[in-house]
Structure formats: structure tokens, C-alpha cells
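Engineer: Below you'll find the structure I mean.
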Amino acid sequence: MLFDLPDDDVLYQALLTRDPAYDGFAYVGVSSTGVFCRLTCSARKPKRENVTFFDSIAAALEAGFRPCKRCTPLALPGEQDPLVQDLLAALDAEPERRWSEDDLVARKLDPSTVRRTFKRQFGLTFLEMARLRRLGRGLDRLAAGERVIQAQMEASFASGSGFRAAIARHLGTTPSQVHRRALLRADWLETPIGAMLAVADEHGLHLLEFVDRPALPGELTRLKARTDSEIVMGRTPPLDRIEAELADYFAGRSLHFATPLMEAGSVFTRRVWDALREVPAGETCSYAALAVSVGQPSATRAVARANGANQIAIVIPCHRVIGSDGSLTGYGGGLWRKRWLIEHERRQVVAATHGDAPPVPEAGQASAS
């Protein structure tokens, strides 16, 4: 960029008025649709909380957004290079294809010419664009609740490690950022009810969430800002420990967690989280009862907000909080998982009491109950 973009409020107003002044210099990603557009797009305008602005096509693609078919942000004003038109059409026709330089040669194209042309116009090469489009398809599948291997296959990655590495790049870490900032390590932890993402430093666990949680991207962004860190895929002792404890938890061997936690929240929020850990496994409580336990019986709504702000699922057991009428209430990982976790813990407590461990229920059984 030859200039800095104005703040997001100015850009959002430009989006509402379809101001052409930023055409080619600013793009908007819409989280509710997963696409990115020109600010002049004729589509119905999204809500302010659902948009993210980018200063380049490459940045929008790297964030996992697909180009809008209505405003075609990949097309430049005026006549476009036939080489670019042909390859963009091919990419739209087969977004899951694993393109290579051999494919370009088969189309009687010079890979170096294609590389220079796309780099000059879009800020990234054609092969990089194709990889990001495949990654975007995989992210869509994760958001839809599919397992990592299904998302990996949808994205046409040959190996899980390759897909995870691409997701790591999707987090936004660059070599220059790695050298400038502290690092948090993240890894995928498979569970019977879906993959989880765990983030930790050398001292404790910062985040543990199901990867299909809609709020996860925002949580990662806030975590990086709060800790002035970048997140890369890797391992630390707390990650090894939480993986082992989760394995014991889901196998019914133990409902206890001792992994050190790096909690971030107000004094009141941390009091609520402490109270959550005091709710016995196999039991539930209401928001009102939780408010009483922290000494503020009139603060039910504040307790609910603190419960929702929890970024360390299962270990800080916000799934044990239900409505005063006994109904299941909101849970970031999905109500079916909340039901599964409550039932799983109840069965383990009953088994411990009677000395007979029941089988761990399948995720499909829990979601159907």
C-alpha cells in the first residue's frame, strides 16, 4: 500500500454509500457469508459487526474469504489480461484442484510469466491464490462442524500436517512477526465430540475451544492482542498435559484437571470462573445460583457474561450452568455438546459411586438425545 487506510468507521460508511474512491485499494470481508467484496458491491450491506476491512486481495484471501461473484473483486477495471481471465475462470470452475506449474505448462503457459503477472496484479502468485482458495473451502467445512480430516479432504490437502500448517498460516503469523513478538503455541486435540484448538505458553493454558466455534477467530485475535504475541503451531508442556488430561476425561478415567491456566479477565470474571470450578462434576447449577455463590445475587446477567467469556472449555466447566427452569442454555460449542458433557460426567460419577464404569457415549448418540 502507498497510503494507510482510514479507520474502519470511515470505511464502513464508504461501504454503505458505495464510495468508489477506495476501489482497488480496500476490500471488505463479510463473516456471515465468507466472501470479500469491493466497497462498491451492490449486495445488501452487512452489519458492522460482521465486516473486516483489508488493504489487498491477498490479505482477504489469506484471511479465508472467497471473492464475491457479484462484484468480482479479482477483476480490475477495464480490459483484463486474457491470461488472468482464463486462469481465474479455471480456478472458479475447480476451486478444490491442487494446481501445479505442470498444469500451467499443460495449458501452454510459462509459469514464470504467470507468476509475475499475478504477483503484479494481486500481490500473490496464481499457485498461492489456488492454495488459499482450497484452504477457504476447508475452513468452511470446519465452520460447518465437520471433523478435521473431512475439512482436510475438502480442501484437497494430501496430509493432515499440511492442512494444519496452512491453518497456522491462516492465523496470520509471518517470519518478521515471529522475530518481533513473543510466541504462543497451538495444537489440535482430537476428542470424541470434535477437534479442539489449544493455545498455551511455557507456563499455562490460554485457550481451549472447539474448532468449529463461530467466535474462535475473534478469540484468537483478542488473545494475540492481549498477550502481544503471535500464535504458531507447536507444543509446550501445558499442551502435553492438557492433551493427556482430556484423554483421561473422555475415557472416563478422571474428571480432574490440573493443567495451569493463564486466565485473563476482571476480578469479578475470575471469581465466576473459580465458582464454576466448584460446581461438582455430574451436577449443574443455574446462573442465579452462581451469582449467589460469588456473593452478588442480583448480578445474574453479569455472571452470564462472565460465563460466556470463558475461553477454556471443559476445564472451566461453563457447560454445567443451565437455566433456572432446568433447560439447556447457550453454549459456544453447541447445545448438543453441552448435553453430551453433562451426561458424560453424570455417568462417570454414577460409575465411581457403584464401581462400574459405563461406556463413553458416542457423539452421535448425544446429539440425538
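The values are calculated or read from the model by the stated rules, or taken from the named source; none is laboratory data. Everything quoted here is computed from the prediction, not taken from an experiment. Note: ideal-geometry Cβ built from the backbone for every residue, glycine included; neighbour counts use all protein chains shown.
Engineer: Please enumerate the residues belonging to segment 244-270 that are within 20 Å of Leu207 (Cβ to Cβ) and of a type in the set (D, E, K, R).
Structural biologist: Hits for segment 244-270 are Glu245, Glu263, Arg270.
Engineer: Among the residues of segment 198-229, count how many are part of a helix (DSSP H, G or I) and farther than 22 Å from Gly64 by Cα.
Structural biologist: Going residue by residue through segment 198-229, those that are part of a helix (DSSP H, G or I) are 216-227.
Narrowing the set further to residues that are farther than 22 Å from Gly64 by Cα leaves 226-227.
So the count comes out to 2.
Engineer: With the condition kept exactly as written, say whether any residue in segment 234-248 is assigned to a helix (DSSP H, G or I), surrounded by fewer than 17 Cβ atoms within 10 Å (Cβ to Cβ) and among the hydrophobic types (A, V, I, L, M, F, W, C).
Structural biologist: yes
Engineer: Moving to a separate point now. Would you please name the residue that is nearest to Phe122 (Cα to Cα), looking only at residues in segment 13-25 that are modelled with pLDDT under 85 and part of a helix (DSSP H, G or I)?
Structural biologist: Tyr22
Engineer: Suppose we filter Val28, Val10, Val84 for residues that are part of a helix (DSSP H, G or I), more than 21 Å from Glu128 (Cβ to Cβ) and modelled with pLDDT of 80 or more; which single one remains?
Structural biologist: Val10 is the lone residue from the list that is part of a helix (DSSP H, G or I), more than 21 Å from Glu128 (Cβ to Cβ) and modelled with pLDDT of 80 or more.
Engineer: Any idea which of (1) of a type in the set (Gly, Ala, Ser); (2) under 24 Å from the mean Cα position of the chain (by Cα); (3) in the same structural domain as Arg115 (by TED's automatic domain parsing) is the one Ser100 doesn't satisfy?
Structural biologist: Going through (1) of a type in the set (Gly, Ala, Ser); (2) under 24 Å from the mean Cα position of the chain (by Cα); (3) in the same structural domain as Arg115 (by TED's automatic domain parsing) one by one, Ser100 breaks only (2).
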